[in-house]
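Take a look at the structure set out below.
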Amino acid sequence: MKRDTTVLLDEKRIFKPDVETVERAHVKNWENEIEKGKNFEAYWEEKAEELEWFEKWDKVLDETNKPFYQWYVNGKINLTYNAVDRWIYTEKRNQVAILYINERGDEEKLTYYELYRQVNKMANGLKNLGVNKGDTVSMYLPMCPELLISMLACAKIGAVHSVVYSGLSVGAFVERMNDANAKILITADGTYRRGKIINLKKISDEALLQCPTIETVIVLKHTGSEINVSDLSGREIFYDRFLEGEPAECEPEWMDAEDPLFILYTSGSTGKPKGVLHTTGGYMVGVATTLKNIFDIQKDDLWWCTGDIGWITGHSYVIYGPLLLGTTTIVYEGAPDYPDPGAWWKIIEKHGVTKFYTAPTAIRHLMRFGNKYPNIYNLSSLRILGTVGEPINPEAWMWFYKNVGKEKTPIMDTWWQTETGMHLISPLPSAHLKPGSATKPFPGVDADVVDEDGNPVPLGKGGYLVIKKPWPAMFRTLYEDEERFQQVYWNQIPGVYKAGDMARKDEDGYFWIQGRSDDVLKIAGHRVGTAEVESAFVSHPAVAEAAVIGKSDPIKGQVIKAFLILKEGYQLKTKLIEELNKHVRYELGPVAVIGEMEQVEKLPKTRSGKIMRRLLRAKESGEDLGDTSTLEE
Ligand code: 6R9
């Protein structure tokens, strides 16, 4: 989403934290901590000491084979041991680890000890199936405790998980499953969404027709829909049956710091989705450190991140970050406005949520219903708020600040990506905030705004957002595609990581993220690739060619605008529009929100045949077309 920079340049308001927030905080002085972080390796070494390692590292960072950096070389560690096992020997043993809540009002609590037992059973079950260290297990599950249990079980035995977001549909699912070469899928009968049940089993059944590598499917009965044992095929087994008789003890696998932990698919601007690969040690250090200091996680906190586990936000900050810190994490299944737009505020009041982390699109959506709903509930338990996923517009920031935070709780606007694994640009609670700015790089992170050749641009001027030094939770490669990894991220601007966003820095060194510099869309905070949407369109018999751009939308940030060349004899009329909407939804899922379709005779292309989406965007927004010298005609 491109932002209106003229408005942002006028944004001069500064918000200072109250004394209480600063006094309570782990980090009381933001600027000092940034200074401390400049002693880069020592800083990240100190942070790693907060975890329990089976064996310490020989070296904090190995840069000999750039960009294949290695962190905590030869360190041995297990994520699940740190996130679950170690707490059961402490006073946290009977503390709630997961508080599951759904939009129907059902609740389920799992203590650390209960979670420990469940994870071990699942880990043993997977081992019995022949899952070994390094094997991949795929999951297509709702936001429910069993998803966390399955992921933690994989991490315990060294299997690599690959979670497919439950809002993605058949086509997207098939592509991700096949790329990961998974033999096992864990799925469920359904998930709750806005009063309906989405039948995940049906989607996965259809997808599996095209996924030859899957040998076993574990099916969770979650919504209680009518699936009987007799309905299951030979390779399917119910989740409960699968765990029956499995012992509740399991030794953690000693993982090398650089052993793979998970693959998570995300969208790029071209080609198939990218399998972002994260490894173990550095990822753990990165997510635990950022969550602890940005959201100042303390003993008495109740943490709620509304992000979906199917995206990186859920991986890092619904599951791994909070459990590594031994806090209670809320797992919420459902929509923000169901049964009414006060649903989330009601949960905050009822359970006394202290830290609340959500997306700008959700804030804008709830803002539409006015101040009424947040004012019905007592939200005074809140201490820190946060946002992620896209730039937050100052109006939404102010609404959140006033009506939810009651002008007392600072807002952490966290910039990061699937690839970065952890927050990279974000304030700490002791920072001075400017609405709409993610402020400064996290201590120990080196970011800048540069031109195409890597030279810093003058303050106030837009440029490419880059990260100049490696960071612990960085992705290590794209699954089975090292070349694309180097080419897309590291070879574009010499010596640095190119994030794919445009940004500018102001006179105080604050970063203002302006949106993607490539063709990636952010629809309601979800990352959607133009190439994937286009291929969904052209897989319909009526469509010859498609080009897709983002169109700004007041709530969702962006929606899809599609330019379509139709085959002979087709016209873009109501019936076909409906059909295409349905078709794209079937291929990609509800994340692909189409705002508009336009039938065209031609698409602007370069002489080498690449669609020039930049020109379509410029035309759409009435901007100057810029350089058109590479245009075919
Ligand atoms: C965590 C996540 C990454 C892209 C990123 C940027 C946008 C995320 C942002 C933000 C402005 C923020 N983005 N957080 N833009 N301010 N606080 O969203 O990961 O799905 O990989 O998307 O999201 O454009 O490049 P992912």
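Quick check on the range 518-538. Is at least one of its residues touching a Leu at 6+ places or on another chain (Cβ under 8 Å) and surrounded by fewer than 20 Cβ atoms within 10 Å (Cβ to Cβ)?
no
Being open to solvent by 40 Å² or more (accessible area, probe 1.4 Å) and assigned to a loop (DSSP other than H, G, I, E, B) is the filter; apply it to the range 223-238 and report the residue that is modelled with the highest pLDDT.
R235
Could you run through the range 101-115 and say how many residues are open to solvent by 10 Å² or more (accessible area, probe 1.4 Å), not in a loop (DSSP other than H, G, I, E, B) and not aliphatic (A, V, I, L, M)?
Number of matching residues: 6.
How many residues does the range 116-131 contain that are in contact with a Phe, Trp or Tyr (Cβ under 9 Å, 6 or more places away or on another chain), open to solvent by less than 10 Å² (accessible area, probe 1.4 Å) and under 23 Å from D308 (Cα atoms)?
Adding up the residues that qualify gives 1.
Output the residue which, of all residues in the range 587-613 that are surrounded by fewer than 16 Cβ atoms within 10 Å (Cβ to Cβ) and charged (D, E, K, R), is farthest from V538 (Cα to Cα).
R607
Scan the range 565-616 for residues that are at pLDDT 95 or above, closer than 14 Å to A547 by Cβ and part of a strand (DSSP E or B) and report the count.
7
From the set of residues in the range 373-387 that are in a loop (DSSP other than H, G, I, E, B) and either acidic (D, E) or open to solvent by 10 Å² or more (accessible area, probe 1.4 Å) (or both), which is farthest from the ligand (Cβ to nearest atom)?
This residue is N378.
Within the range 152-184, which residues are in a helix (DSSP H, G or I) and not hydrophobic (A, V, I, L, M, F, W, C)?
Passing the criteria: K156, G171, E175, R176, N178, D179.
Conditions first: (1) more than 30 Å from L459 (Cβ to Cβ); (2) touching a Ser or Thr at 6+ places or on another chain (Cβ under 8 Å). Q558 passes all but one, so which condition is the exception?
That leaves (1) as the condition not met.
Collect the residues in the range 490-516 that are within 12 Å of the ligand (Cβ to nearest atom) and either open to solvent by less than 20 Å² (accessible area, probe 1.4 Å) or in contact with a Phe, Trp or Tyr (Cβ under 7 Å, 6 or more places away or on another chain) (or both), keeping them in residue-number order.
Passing the criteria: Y497, K498, A499, G500, D501, M502, A503, F511, W512, I513, G515.
Might you check whether a residue that is touching a Gly at 6+ places or on another chain (Cβ under 6 Å) and open to solvent by 40 Å² or more (accessible area, probe 1.4 Å) occurs anywhere in the range 568-581?
no
Just for the range 239-282: of the residues that are assigned to a strand (DSSP E or B) and hydroxyl-bearing (S, T, Y), which one is farthest from the chain's Cα centre (by Cα)?
T279
Could you list, in sequence order, all residues of the range 32-59 that are closer than 23 Å to G495 by Cβ and either open to solvent by less than 40 Å² (accessible area, probe 1.4 Å) or not in a loop (DSSP other than H, G, I, E, B) (or both)?
Across the range 32-59, the qualifying residues are I34, G37, F40, E41, A42, Y43, W44, K59.
Please pick out the residue among E390, E407, E395 that is outside any helix (DSSP H, G or I) and more than 10 Å from the ligand (Cβ to nearest atom).
After ruling out the rest, the residue left standing is E407.
Pick out the one residue from L277, L264 that is in contact (Cβ under 8 Å) with a residue 24 or more places away in the chain and buried (at least 23 other Cβ atoms within 10 Å of the Cβ).
L264
Go through the range 200-256 and give me each residue that's within 27 Å of Y81 (Cα to Cα) and of a type in the set (G, A, S).
G245, A248
Pull up the range 280-306, narrow it to residues that are within 16 Å of the ligand (Cβ to nearest atom) and open to solvent by less than 20 Å² (accessible area, probe 1.4 Å), then point me to the one that is nearest to L79 (Cα to Cα).
Of everything passing the filter in the range 280-306, Y283 is nearest to L79 (Cα to Cα).
Give the residues of the range 185-218 that are assigned to a strand (DSSP E or B) and buried (at least 23 other Cβ atoms within 10 Å of the Cβ), sorted by residue number.
L185, I186, T187, A188, I218
When residues of the range 430-469 are filtered for being small (G, A, S), part of a loop (DSSP other than H, G, I, E, B) and under 27 Å from the mean Cα position of the chain (by Cα), how many remain?
7
Can you find a residue that is of a type in the set (F, W, Y), under 24 Å from I425 (Cβ atoms), in a loop (DSSP other than H, G, I, E, B) and within 16 Å of the ligand (Cβ to nearest atom) anywhere in the range 318-337?
No: the range 318-337 contains no residue that is of a type in the set (F, W, Y), under 24 Å from I425 (Cβ atoms), in a loop (DSSP other than H, G, I, E, B) and within 16 Å of the ligand (Cβ to nearest atom).
Output the residues belonging to the range 60-96 that are assigned to a helix (DSSP H, G or I) and of a type outside the set (K, R).
Within the range 60-96, L79, T80, Y81, N82, A83, D85, W87, I88, Y89 qualify.
Any idea which of G134, G158 is closer than 26 Å to E258 by Cβ and open to solvent by 10 Å² or more (accessible area, probe 1.4 Å)?
One residue alone meets the criteria, G134.
The values are calculated or read from the model by the stated rules, or taken from the named source; none is laboratory data. Remember, predicted model here, so these are calculated numbers, not experimental data. Don't worry about glycine lacking a Cβ; one is built from the backbone with ideal geometry, like all the others, and counts go over all protein chains shown. To get the accessible areas, we keep the full protein, side chains included, count just its heavy atoms, and leave off ligands, DNA and RNA. Shrake-Rupley method; radii C 1.70, N 1.55, O 1.52, S 1.80 Å.
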